[in-house]
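Colleague: Please read through the structure below; I'll follow up with questions.
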C-alpha cells in the first residue's frame with residue numbers, strides 16, 4: 001500500500017521523462033542543423049575562392065567577383081585578399097553566415113575560409 005503523499009508521483013516522473021527526452025531531441029536537431037549549415041558555409045567559401053581566382057585569371061577584380069558569388073551563395077564576404085601576380089596567385093576569402101534559431105532570435109555566426117589560385121612550376125630538364 002502507498003501513502004497518500006505518493007499518489008500521482010508516477011505521472012510526474014513520466015512527464016519529467018518526456019520533457020527530458022524532448023529537450024535531448026531538440027538539442028540533437030539543433031546540433032545537426034548547425035553541422036549541415038557549417039558544411040554549406042564551407043562549400044560556399046570554396047566556390048567563392050575559386051570564382052575569385054577565375055575572375056582574376058580573366059582580368060577582373062577578384063574581390064568584387066568574390067562579393068558577388070558570396071551573395072549568390074547566401075553568405076557574406078568577410079575578407080578577401082589577393083597575393084601574387086599572373087604566374088603565382090592565391091586568393092584567400094573568409095565568408096560568414098548567421099544561423100538564427102527559429103522563434104527565439106538567438107543565433108551564432110558560422111565562418112569558413114578558403115584559398116584558390118595557381119603556382120607556376122618550372123620544368124626540370
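Colleague: Once the Cα atoms of helix 62-72 and of the chain are each reduced to a long axis, what angle between those two axes, in degrees from 0 to 90 to the nearest 10, is obtained?
Modeller: 30
Colleague: Follow-up. In nanometres, what is the gap between the two model label sites at residue 57 and residue 36, each 7 Å from Cα along Cα-to-Cβ?
Modeller: If labels sit at residue 57 and residue 36, their model points lie 3.3 nm apart.
Colleague: Another question about this same structure. Can you sort 88, 46 so the residue with the fewest Cβ neighbours within 10 Å comes first?
Modeller: 88, 46
Colleague: Could you tell me what a quarter of the Cα convex hull surface of segment 77-123 works out to, in nm² with one decimal place?
Modeller: If I average the Cα hull's projected area over directions, I get 4.0 nm².
Colleague: Could you work out [θ]222 nm for the chain from helices alone, using -39500 (n - 2.57) per DSSP H run of at least four and dividing by all its residues? Round to the nearest 500 deg cm²/dmol.
Modeller: Calculated at 222 nm, the ellipticity per residue is -17500 deg cm²/dmol.
Colleague: Compute the length gained on full extension between residue 78 and residue 13: take 0.36 nm times their separation in residues and subtract their Cα-Cα distance, giving the result in nm to one decimal.
Modeller: Answer, rounded to one decimal: 18.5 nm.
Here, each number is a calculation from the coordinates, and none is a lab measurement. This is a predicted model, so every value here is computed, not measured. Cβ sites come from the backbone with ideal geometry, for glycine too, and all protein chains shown count toward neighbours.
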